[in-house]
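K.L.:
Quick one: the structure is below, and I'll ask about it shortly.
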Amino acid sequence: MTDQSKSMASRIEQEHADLREVIKEIEKEIQKDPSKEEFTSWKLDFMRRFRDFQNELTKHFDLEEEGGFMEDLVARAPHHARQVDELEHEHEDIAVGLGAIADALKGMNEHTMSGLPAVRQRIREVLEVLHRHEEAERDLIQKAYFQDIGVGD
Ligand SMILES: [Fe+2]
């Protein structure tokens, strides 16, 4: 494994750790049950955080797809090409899912806040997909760089 691959792998891992912290915050925040009076300010706060998260995640996906491990990994270990392709598609699905949630939240107000549990559930589902996604990436990086015999160095 080259130094470059090693530092890239550890950068990705660091970003995964940072994202896990942000995800924890979002999970905590979405559990709150604002009253009608609190709803607008809660929503504004939550959306601010949520949009920051979307932005961080987009940058993370860009790094993985363009500068990061995906291209390098396929070049080293072409037999993982299909899985890398699936992971890349999943980035798109996750981003679309989060975008739809932001739109749904934006459209809500204190009169339509009965829809909040459904939005909460959608957030949990997308975060669960994201969690499994990053675990899969981590496994793949481990496999391709540290375990595969005959590839890497
Ligand atoms: Fe990732």
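Values quoted throughout were computed directly from the atomic coordinates according to the rules given, and no laboratory measurement underlies them. Note that this is a predicted model, so its numbers are computed, not measured. Cβ coordinates were reconstructed from backbone atoms using ideal geometry, including for glycine residues, and neighbour counts include every protein chain displayed.
K.L.:
Against the 2.2 N^0.38 Å scaling, with N counting residues, where does the chain land? I'd like the Cα-based Rg ratio to two decimal places.
P.N.:
Ratio of Rg to 2.2 N^0.38 Å for the chain: 1.23.
K.L.:
While we're on this one: Provide Rg and Dmax in Å for region 1-53, with only Cα atoms included in the calculation.
P.N.:
Spelled out, the Cα radius of gyration and Dmax of region 1-53 are 16.9, 57 Å.
K.L.:
Sum -39500 (n - 2.57) across every DSSP H segment of at least 4 residues in the chain, then divide by the residue count to get the 222 nm mean residue ellipticity, nearest 500.
P.N.:
Helix contribution divided over all residues of the chain: -26500 deg cm²/dmol.
K.L.:
A further question on this structure: What's the exposure ranking of VAL129, VAL96, VAL74, going from fewest to most Cβ atoms within 10 Å?
P.N.:
VAL96, VAL129, VAL74
K.L.:
When the dipole is taken about the Cα centre of the chain, and only Lys, Arg (+1) and Asp, Glu (-1) are charged at their Cβ, what size is it in debye, to the nearest 20?
P.N.:
Here the size comes out at about 580 debye.
K.L.:
Here's another thing I want to ask about it. Give me the net charge of GLU13's neighbourhood, meaning all other residues with Cβ under 14 Å from the Cβ of GLU13; Lys, Arg count +1, Asp, Glu -1.
P.N.:
Around GLU13, the surrounding residues sum to -4.
K.L.:
Going down the list LYS6/LYS59; LYS106/LYS143; LYS43/LYS143; LYS36/LYS59; LYS6/LYS28; LYS6/LYS43, which pairs span over 31 Å between their C-alpha atoms?
P.N.:
Violating the 31 Å limit, Cα to Cα: LYS106/LYS143; LYS43/LYS143; LYS36/LYS59; LYS6/LYS28; LYS6/LYS43.
K.L.:
Can I ask one more? Which whole-number percentage describes the relative contact order of region 3-147, with Cα contacts under 8 Å and a sequence gap of 6 or more?
P.N.:
34
K.L.:
Please give the peptides 66-73, 102-109 ranked by average Cβ packing (other Cβ atoms within 10 Å per residue), highest first, as a rough proxy for protection.
P.N.:
66-73, 102-109
K.L.:
What number comes out for the charge environment of GLN54, summing +1 per Lys or Arg and -1 per Asp or Glu over other residues with Cβ under 13 Å away?
P.N.:
Its environment carries a net charge of +1.
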